[in-house]
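A.B. asks: Before I ask anything, let me first share the structure, which is written out below as structure tokens.
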Amino acid sequence: MAAARDIKDSRFARSPVTRSTLPRTFRFINGKTESYFLQRLSPRKIRWTQIYRRVNKKGISVEVRAKRTRRTVKHERAVVGASWEEIRAKRTEKPEARAAARQAAKDAKKSSKPAAAKKA
């Protein structure tokens, strides 16, 4: 009966390697990768490993375009009870005219208060 096998990644070279049923902590594609691992050599510095190629951007044929950022768009919205034209007219109004209208509103409010007090 054949031993059950499955495919795992090599610990060092990140290449597929078959695994037998025997339990081992680390699995390697061959003796060379095991030797480098035991010497504590970094796979990022060994040119033929996939990790080196990924870190140093080797073999990438398609250039990745820079991701575009979305800019916020300002929307002008009307306020409930006032149309957009009224808001725009108030915005373009001169400060002196606005102050005069405010003063007129205050005077109208003052003149209506004594009348309300006399009624009560």
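The values are calculated or read from the model by the stated rules, or taken from the named source; none is laboratory data. Note that the coordinates shown come from a computational prediction; the quantities given were computed from them, not determined experimentally. Glycine also receives a Cβ, built like all others from the backbone with ideal geometry; neighbour counts cover every protein chain displayed. Note: accessible area is taken over every heavy atom of the protein model, side chains too, but ligands, DNA and RNA are not part of it. Shrake-Rupley method; radii C 1.70, N 1.55, O 1.52, S 1.80 Å.
A.B. asks: If you go through the range 91-98 one residue at a time, do you hit one that is at pLDDT 80 or above, open to solvent by less than 90 Å² (accessible area, probe 1.4 Å), farther than 30 Å from F12 by Cβ and assigned to a loop (DSSP other than H, G, I, E, B)?
C.D. replies: Filtering the range 91-98 down to residues at pLDDT 80 or above leaves 91-98.
Next cut, open to solvent by less than 90 Å² (accessible area, probe 1.4 Å) only: 93, 95, 97.
Adding the requirement that they be farther than 30 Å from F12 by Cβ leaves 93, 95, 97.
From what is left, the residues that are assigned to a loop (DSSP other than H, G, I, E, B) are 93.
For the range 91-98, residues at pLDDT 80 or above, open to solvent by less than 90 Å² (accessible area, probe 1.4 Å), farther than 30 Å from F12 by Cβ and assigned to a loop (DSSP other than H, G, I, E, B): present.
A.B. asks: Going through the range 8-41 one residue at a time, which ones are at pLDDT 65 or above, part of a loop (DSSP other than H, G, I, E, B) and surrounded by fewer than 11 Cβ atoms within 10 Å (Cβ to Cβ)?
C.D. replies: T25, Q39, R40, listed by residue number.
A.B. asks: Could you tell me whether A117 is modelled with pLDDT of 85 or more, open to solvent by less than 100 Å² (accessible area, probe 1.4 Å) and part of a helix (DSSP H, G or I)?
C.D. replies: Numbers: modelled with pLDDT of 85 or more: no; open to solvent by less than 100 Å² (accessible area, probe 1.4 Å): yes; part of a helix (DSSP H, G or I): yes.
No; evaluated as a whole, the condition is false for this residue.
A.B. asks: Residues of the range 42-59 being assigned to a loop (DSSP other than H, G, I, E, B) and either at negative phi or among the basic types (K, R) (or both), which ones? I'd like the intermediate steps shown before the answer.
C.D. replies: Here is the first cut: in the range 42-59, the ones assigned to a loop (DSSP other than H, G, I, E, B) are 42-49, 56-59.
Those that are assigned to a loop (DSSP other than H, G, I, E, B) and either at negative phi or among the basic types (K, R) (or both): S42, P43, R44, K45, I46, R47, W48, T49, N56, K57, K58.
A.B. asks: Determine whether the range 60-79 contains at least one residue that is surrounded by 10 or more Cβ atoms within 10 Å (Cβ to Cβ), in a helix (DSSP H, G or I) and of a type in the set (A, V, I, L, M).
C.D. replies: no
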